[in-house]
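Here is the structure we will look at.
Throughout, read-outs are computed from the coordinates displayed, never taken from laboratory work. All of these numbers come straight from a predicted model, not from anything done at the bench. Cβ atoms come from the backbone with ideal geometry, glycine included; neighbour counts cover every protein chain shown.
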């Protein structure tokens, strides 16, 4: 794939007329090029011709970063260094978001472009009208050859390049190998949604290594099931399983964005009962569309963009309500249900419909009703259930069992496609799956309907396995899993909040997002200024920049498992309260009522609490700090004994104490 609008040797670039270079850039753009963009290119070309006359290497204009849906202004390969240049033509200031922007570009190459992993990468921010201080070059403390962003005006660009080259030694970068090198990004779900909505393919924004190859195979399998169902006039339901962070939501979004045209027979809707996820995805897609349109010189209103996005990303409860009001078949033939294990059972659904919707005789579970809505079609329909194991975290969430029982009870003619892994313990469907053997309609198993490798952490794939062993109190296995992730995925523990916050800020580079996450039952962290009952707006928390006090960066508002499930941070501070305590007899489960802790007795609620910590401990992509407070001897609700044993358990496993 040609990732740059213009790619050439520096020697050829210097000899070619400016008009020819501008022509190549303009012809490569898929959109009409505005005069302002041509003016910017002319300025960049003039500046670079004046400073590169004594250098050899390669030059790339408008270098694509699909994961971010953006393009780097210029990339230079000179000797042993990859220079990432971001120009701010006419700007007199070095704005913080511009510094983060060029750093993010450099990080993308460093983390996801294979030939750049072990090379020096220098992000340069050129504000052409700014005052330039003394140029200094230094790499970040992580020993991965990434330079701190260097700020300069256009006159100091040559000096900056020379300064970096004096610092960086090593063999020259081989241009052909670098250009053909594998790009294996691991986007956040928000980045992935924006890239897919912006027209990129799932291959462009996902890893291509052998361990993650089944993401593509799973997407293809689901697409084939949809096409075969449409062509043959079948009604089918497909269960896609996977470990936390494996890409289940990405599979669903890929199908939904591929079939976004309402006039298409394959028009699809992405449904989720996860309100924060729906709100965040909608807002992110709308903001990104407005940005992309504005960059093309087109006026765009966020309200209009939101209206478009709402059509194919919907809250499942709103979809349900619309189907109650209108008994005709829905416009969509394909419904992709994210986190299907969280659908409500019959009791929860009936209670809600009676109390909130004034529908007293509603007697179906959410899975059974949703299947019935698609069953209204006379010709064909497909439901794709994206299922996470051990992810039920709230009262009334039925797990996958209710979907299977609904099919057996009411929809004998629907074809079923499942993964053999659906029989594993965390999915809780083993016994009921036995009943499928008596169905007249085909039941087919495909290995590629299971996503076995977590892609949330591009640094360590075994984090979810480590968390599983920690929560299952498999100490030896946890130690082994920790040893396998330690080198690239730092996990530290501490009793001190100030140290934890400082650690987060030290780790993050560019706009890498960090924040504090806690259990929704963690009600005795108030002395540490953490109040889980205080409302947090997940849109601002997840999407806003470092200058917004409502964002996660300020480390003031905290998010719970309900806010973060299905989403991720780069760096997380997981704060452990006395609701979930280690003991020699296993985990103790507590809830805070009035002025004291009370034991949780119901098995279902114990599972919800354990799963809440599973969600929290698998949110970070690059590393985390776990805070277990000291407690307070004079406070009967925060006795040190409530916390000490948990901290010691984590320490005994081998987590490094900060």
### Message
Highest mean first, how do 83-93, 648-658, 102-112 rank when packing is the count of other Cβ atoms within 10 Å averaged over residues?
### Response
102-112, 83-93, 648-658
### Summary
Among region 290-334, those whose backbone N falls under 20 Å of a label point 7 Å along Cα→Cβ from residue 35 are 294-299
### Query
How many nm is it between the label spots at residue 138 and residue 180, if each spot is 7 Å from the Cα in line with the beta carbon?
4.0 nm
### Summary
Bridge orientation stat for the chain from DSSP, antiparallel percent rounded to 5, came to 30 percent
### Query
Sorted by packing (mean other beta-carbon atoms within 10 Å per residue), highest first, where do 536-548, 277-289 land?
277-289, 536-548
### Query
Going by alpha carbons, how many degrees (0 to 90, nearest 10) lie between the helix axis of 475-485 and the longest principal axis of the chain?
20 degrees
### Task
Over every pair of different alpha-carbon atoms in region 551-604, take the mean of 1/r and invert it; report that Kirkwood radius in Å.
13.8 Å
### Degrees between helix 603-617 axis and first principal axis of the chain (Cα, 0 to 90, nearest 10)
0 degrees
### Summary
Restricting to Cα pairs under 8 Å and 6 or more apart, the percent relative contact order of region 4-180 works out to 19 percent
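Averaged over every viewing direction, what's the projected area of the C-alpha convex hull for region 199-348? Give it in nm², one decimal, please. Don't skip to the end; give the middle numbers.
Details: hull surface 44.1 nm².
Mean shadow area of the hull around the Cα atoms is 11.0 nm².
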## Note on the structure
In this structure, the FRET efficiency calculated for residue 533 and residue 599 from their beta-carbon separation, with R0 = 25 Å, to the nearest 0.05, is 0.75
## Note on the structure
In whole percent, the Cα-Cα distances of region 573-625 spread across 10 Å bins from 0 upward as 22, 49, 25, 4
### Message
Can you tell me the length gained on complete extension of the stretch residue 652 to residue 506, counting 0.36 nm per residue apart and subtracting the Cα distance?
### Response
50.0 nm
### Message
Viscosity 1.567 mPa s, temperature 4 °C: what is the translational diffusion coefficient of region 109-268 from Stokes-Einstein with a Kirkwood Rh over Cα pairs, rounded to a whole number of µm²/s?
### Response
67 µm²/s
### Query
Out of every Cα pair in region 463-657, what percent are spaced more than 30 Å from each other?
15 percent
### Task
Please work out the ratio of the alpha-carbon Rg of region 30-160 to 2.2 N^0.38 Å and round it to two decimals.
1.01
### Task
Determine the relative contact order of the chain: mean sequence separation of Cα pairs under 8 Å and six or more apart, normalised by residue count, in whole percent.
11 percent
### Task
Relative to the longest principal axis of the C-alpha atoms of the chain, give the angle of the C-alpha long axis of helix 401-410, reported between 0 and 90° and rounded to the nearest 10°.
60 degrees
### Summary
Quarter of the surface of the C-alpha convex hull for region 551-658, i.e. direction-averaged projected area in nm², equals 8.1 nm²
### Query
Of the peptides 503-510, 70-77, 243-250, how do they stack up when ordered by the mean number of other Cβ atoms within 10 Å, highest first?
243-250, 70-77, 503-510
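Give me the Å³ per residue figure for the convex hull around the C-alpha atoms of the chain.
167 Å³
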